[in-house]
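These notes are about the structure you will find just below.
A short reminder: the numbers here are calculations on the coordinates, not readings from a lab. None of these values were measured; they are calculated from a predicted model. Cβ placement follows ideal geometry from the backbone for every residue including glycine, while neighbour counts extend to all protein chains displayed.
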């Protein structure tokens, strides 16, 4: 008959059972932690770019995604529109006039893989691209032309910006020149 009394009489058996129980409990805790890091719930407006051992694998989402713990790494990409306001961007026109431009523009990621693989920080790169495109576009026109043909200048800036941001997997949705004033 092997029961509790036999376990209590043999001190070695009790300590080995306690040790085995602790090891088993530790293994269960580790498994639960690994399982919780392996399962991701991706909302409708987001995608995950998956890297396996540092190499690009795929874009997944929305829904439940299962990753291999310590092997897969995911980078979330938001597919919603992002808006930026540019206040008092200075540019010099072709005839040498200094102008300050206020504008509002929006863009969104349409290819999550490109937006992760081709640019480090999409938001700051977009801001710098807008600054450069704006200065270049205004540097090719005279001040008088800016005042008379604002819509054509807006279209030109938006098309140039789209060309710059296309390799990053982005689309320029809108651009509005709010105010152009002589500096």
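Measuring from centroid to centroid over Cα atoms, what is the spacing of the range 101-145 and the range 159-183 in Å? So the separation of the two Cα centres works out to 5 Å.
Once the Cβ-Cβ distance between residue 27 and residue 53 is put in as r, and R0 is 22 Å, what FRET efficiency do you end up with, to the nearest 0.05?
Between residue 27 and residue 53 the formula returns 0.30.
Taking the longest Cα principal axis of the chain as reference, the axis of helix 122-138 is set at about 10 degrees. Taking all C-alpha pairs of the chain, those more than 19 Å from each other amount to 69 percent.
So how tilted is helix 150-165 from the main axis of the chain? Cα-based, degrees 0 to 90, rounded to 10. That works out to roughly 30 degrees.
Residues 74, 58, 115, ranked from the fewest to the most other C-beta atoms within 10 Å, line up as 58, 74, 115. Going by neighbour counts of Cβ atoms within 10 Å, the residues 121, 102 line up, fewest first, as 121, 102. Rg/Rh, computed from the Cα trace of the range 92-183 with Rh as the Kirkwood radius, has the value 1.02.
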